[in-house]
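Remarks on the structure that follows.
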Amino acid sequence: MNLAALTLHVAGEKLRAGEITSTELTEAVFQRIAASDEQIHAYLTLDREGALDQARRADARLRAKDGDAPLLGIPMALKDNFLTQGLRTTAASKILGDFIPTFDATTVQKIRAAGAVIVGKTNLDEFAMGSSAENSAFFPTRNPWNLERIPGGSSGGSAAAVAADQAIAALGTDTGGSIRQPAACCGIVGLKPTYGRVSRYGIIAFASSMDQVGPMAKDVRDAALVLEAIAGQDPADSTSVKRSVPRYSAELSREVKGLRVGIPKEYFVSGLQAEVEQAVRRAIRELENSGALIEEISLPHTGYAVAVYYIVATAEASSNLARYDGMRYGGRASARDLTETYRVTRDEGFGAEVKRRIMLGTYALSAGYYDAYYLKAQRVRTLIKRDFDEAFKHCDVIVTPTTATTAFKIGEKIQDPLQMYLSDIYTISINLAGLPALSLPCGFDSGGMPIGMQLIGKHFDETTILRVGHHYEQATEWHKKKPPAIKN
Amino acid sequence: MKITAEEIDGIAVLARLRLTAEEKSQLVRQLDNILEYMDKLNQLDTAQVEPFSHRVDTMPALREDAVTNHPDPEALLANAPDRDGTFFKVPKIIE
């Protein structure tokens, strides 16, 4: 039995039944990494020693029947924008190349306390800015389904690691689709929770009105179990919301009969790959056969979302990244005076896409342009949010494709920033409105690349999208497909 | 043109970025292209629309303003590009 291929919930059952140990499971995951990561490049930093130590402690807890947390003994990967105490954290940027955090992000503390084993830190687009993982200052990650293609971004390393069984599950962050788009590209499940559902304390900030932490997993049940472990209010994050956390995994089995499913016509337009549309429409019919009520809806401001997002996100990024001044951490260039020191340090430390976004955001916030760009974008953002408020008056969940196309080729869009931005077209409205959304596999194109379907829920109603996703999974086998064997 | 090379220079100073001539000419073209795309927002009349904000009614109450000193100053200082004992050493600010 290949232990690394197990889902989190099956591995957890075997661990608690004493059939396997966390040490065996962790060793299996590291063997898988050794066999495949030279091709995939999912990880920036591995912590084999730390992981095996955590595994031994998890085994002691399992033997003592101390706790039955679903994450106890489970090897997990973290995107490298989660601070991990004592373990290098780079955000895939040269400016943080040697940074050793002095504390754990709240979500990292939570999964550690639940007994998870931290395998290592996964690659991303620098500061989570990108849709392909090509913007990493270190190296691009490759898609386990086809090494010539991108794994998606920005959580491309986490997605590739889970798809290639290099971790049982992972955490990512999603500001404009950075969990869901790579999940779709790599054929796994990715959940962006509601804004406020999960603490961002200790996450390297990109765009604070949209950043959110979420699970990347092999199936919907796994995503539900990880969300249970990381959700909840945190005194260290004033945007996290004081609401009780449901037992998501206990609600999965309820039927979908009578559930109202909205299909936004603006998401099924030119530019959508025919095979993606066919797969999503087939999935919708599957839900209809289970008794869900399908209704076409309209989200009329969808076409403005990319423009709004790349103003708001870059404005917030330009502000958040002002802290990288080379004074207290990171590299520092030497120059003739203080201002030049800042400028040279940042010029040498940031990559092209990060500089582009800082420039765009600074421009949008600068005197004379603030009203025309930033304020205008925030007004249109209100219209986008209202579209969803209106839609959710008569439906319980909205179904769309996660991406317009399956994973594109490495190098295909890197020279054209606007084309790259447009690859987020189906995911960013959700961040602008602060809603939860789940991406799960619903087919493959003729080239063998995975297709993702997106389920969008009402604010704080992760329960319904997880339930619908789980129901769909029970009727299909897509989530069980594995990438073609990667040569040893 | 939505943006000029001179504007790029001014923004680079505000953003504390130094850009090479090549980066600058590339940015003029790329930002111009992106800003032109952003123009589509002007198709919408938003005079009566409030700018977006997250609902705050579910945000938590203020917490106690308690001192929480970092337990390990040495670990913090270990990341410093330059230090003098227990101090961060920074370039001269006033001539």
Sole residue being farther than 30 Å from A:LEU365 by Cβ and buried (at least 22 other Cβ atoms within 10 Å of the Cβ), chosen from A:TYR324, A:TYR309, A:TYR248 | A:TYR248
Only unsatisfied item for A:VAL269, checking (1) in a loop (DSSP other than H, G, I, E, B); (2) within 21 Å of A:ASP396 (Cβ to Cβ); (3) out of contact with any Ser or Thr (no Cβ under 7 Å at 6 or more places or on another chain), is (2)
Exactly one of A:LEU432, A:LEU455 is away from chain B (no Cβ under 12 Å) and among the aliphatic types (A, V, I, L, M), and that residue is A:LEU455
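Rundown of residues vs (1) outside any loop (DSSP other than H, G, I, E, B); (2) in contact (Cβ under 8 Å) with a residue 40 or more places away in the chain; (3) not aliphatic (A, V, I, L, M), yes/no style:
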residue	(1), (2), (3)
A:ILE111	yes, yes, no
A:ALA161	yes, yes, no
A:GLY172	yes, yes, yes
A:SER178	no, yes, yes
A:GLY190	yes, yes, yes
Among the numbered criteria (1) without any contact (Cβ under 8 Å) to a residue 40 or more places away in the chain; (2) in contact with a Leu (Cβ under 8 Å, 6 or more places away or on another chain), which single criterion is violated by A:ILE168?
-> (1)
Go through (1) outside any helix (DSSP H, G or I); (2) free of Cβ contacts under 8 Å to residues at least 12 places away in the same chain one by one and return the number of the condition A:LYS257 breaks.
-> (2)
Tell me, yes or no, whether the stretch A:339-352 has at least one residue that is of a type in the set (A, V, I, L, M) and touching a strand residue (DSSP E or B) at 6+ places or on another chain (Cβ under 7 Å).
-> no
Checking A:ILE294 against (1) on the phi > 0 side of the Ramachandran plot; (2) free of Cβ contacts under 8 Å to residues at least 40 places away in the same chain, which single condition isn't satisfied?
-> (1)
The lone exception for A:SER208 - which of (1) within 19 Å of A:SER238 (Cα to Cα); (2) surrounded by 24 or more Cβ atoms within 10 Å (Cβ to Cβ) it fails | (2)
Examine the stretch A:292-301 for a residue that is under 19 Å from A:VAL198 (Cβ atoms) and in contact with a Leu (Cβ under 6 Å, 6 or more places away or on another chain), and state whether such a residue exists.
-> no
Give the residues of the stretch A:71-112 that are buried (at least 24 other Cβ atoms within 10 Å of the Cβ) and more than 27 Å from A:ILE204 (Cβ to Cβ), sorted by residue number.
-> A:GLY73
Got at least one residue in the stretch A:457-469 being within 15 Å of A:TYR248 (Cβ to Cβ), in contact with an Asp or Glu (Cβ under 9 Å, 6 or more places away or on another chain), outside any loop (DSSP other than H, G, I, E, B) and charged (D, E, K, R)?
-> yes
Number of the condition not met by A:ARG281 [criteria: (1) closer than 18 Å to A:ASN431 by Cβ; (2) basic (Lys, Arg); (3) surrounded by fewer than 21 Cβ atoms within 10 Å (Cβ to Cβ)] = (1)
If you check A:SER429 against the conditions, is it small (Gly, Ala, Ser) and either part of a strand (DSSP E or B) or surrounded by fewer than 20 Cβ atoms within 10 Å (Cβ to Cβ) (or both)?
-> no
Looking at A:TYR363, A:TYR421, A:TYR426, which one is modelled with pLDDT of 95 or more, of a type in the set (Ser, Thr, Tyr) and either within 22 Å of the chain's Cα centre (by Cα) or not assigned by TED's automatic domain parsing to the domain that holds A:ARG346 (or both)?
-> A:TYR426
Output the number of residues of the stretch A:239-256 satisfying the condition of being within 14 Å of chain B (Cβ to nearest Cβ) and of a type outside the set (A, V, I, L, M, F, W, C).
-> 5
So A:GLN39, is it under 20 Å from A:ARG88 (Cβ atoms), of a type in the set (S, T, N, Q) and in the same structural domain as A:ILE168 (by TED's automatic domain parsing) = no
Within the stretch A:163-185, is even one residue farther than 18 Å from A:VAL397 by Cβ, at pLDDT 95 or above, assigned by TED's automatic domain parsing to the domain that holds A:GLY120 and of a type in the set (Lys, Arg)?
-> no
(1) more than 17 Å from A:TYR195 (Cα to Cα); (2) outside any loop (DSSP other than H, G, I, E, B) all hold for A:VAL226 apart from (1)
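The values are calculated or read from the model by the stated rules, or taken from the named source; none is laboratory data. Worth saying up front: this structure is predicted, and the values here are computed from it rather than measured. Because the Cβ atoms are built from the backbone with ideal geometry, glycine has one as well, and the counts that use them run over all protein chains shown.
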